[in-house]
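Everything on this sheet refers to the single structure shown next.
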Amino acid sequence: MKNQTNTKVMLLVHAAVIAALYVVLTFFANALGLASSVIQVRISEALTILPYFTPAAIPGLFVGCLLSNILTGCALPDIIFGSLATFIGAVFTHKLRKNKWLAPIPPIIANAVIVPFVLLYAYGIRPLWFSFVTVTIGEIISCGVLGMLLLFTLQKYARRIF
């Protein structure tokens, strides 16, 4: 019973650390102007590969994205649907964890499909097709390139960290 409690506490701690890292990295990217150009590179999105290692990353990423969107002053639809896109990506990354090369695909797809509509309806950014292109490019950079670099780095230490 005690071991089960320790496991639950560790999952909660991992989720909290991931959420905090997501927020800090989002603020860092905002400070550098990476998240405000046409192609947004949210460094925190690299963390979306973490469900490959631990299910604790699912709530951690969701809460981190939710807090980031609130704290950076996003519109309500962005807070809700942007966070849901991250949640959906995290869930499917965890489900596809048998193949590390698939880890960045769910968050790329979830954000590429959902976020352009958020940009249109919450911020009036047009044309929609251009948002699909730019969001997808930003997610490929954040999740695909940076996320995979993180995955390969963490893989060496995964047993000690997770």
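The values are calculated or read from the model by the stated rules, or taken from the named source; none is laboratory data. Everything quoted here is computed from the prediction, not taken from an experiment. Positions of Cβ are generated from backbone atoms using ideal geometry, with glycine treated the same way; all protein chains shown enter the neighbour counts.
Screening segment 109-147 for residues that are of a type outside the set (A, V, I, L, M, F, W, C) and in contact (Cβ under 8 Å) with a residue 60 or more places away in the chain and picking the one that is farthest from CYS65 (Cα to Cα) gives THR134. Annotation note: of THR54, THR93, the sole residue that is under 21 Å from ALA20 (Cα atoms), outside any helix (DSSP H, G or I) and at pLDDT 95 or above is THR54. In this structure, TYR157 does not qualify as touching an Asp or Glu at 6+ places or on another chain (Cβ under 9 Å) and surrounded by fewer than 16 Cβ atoms within 10 Å (Cβ to Cβ). For segment 1-30, a tally of residues being over 16 Å from ASN69 (Cα atoms) and surrounded by 17 or more Cβ atoms within 10 Å (Cβ to Cβ) returns 3. Only a single item in (1) in a helix (DSSP H, G or I); (2) under 21 Å from TYR157 (Cβ atoms); (3) not hydrophobic (A, V, I, L, M, F, W, C) is not met by LYS8, and it is number (2). Residues in segment 130-148 that are among the β-branched types (Val, Ile, Thr) and either touching a strand residue (DSSP E or B) at 6+ places or on another chain (Cβ under 9 Å) or surrounded by fewer than 22 Cβ atoms within 10 Å (Cβ to Cβ) (or both): VAL133, THR134, THR136, ILE137, ILE140, ILE141, VAL145. Selection of segment 31-45 for residues being assigned to a helix (DSSP H, G or I) and buried (at least 18 other Cβ atoms within 10 Å of the Cβ) yields ILE43, SER44, GLU45. Among the residues of segment 47-73, how many are surrounded by fewer than 19 Cβ atoms within 10 Å (Cβ to Cβ) and under 19 Å from ASN30 (Cβ atoms)? The number of residues fulfilling the criteria is 5.
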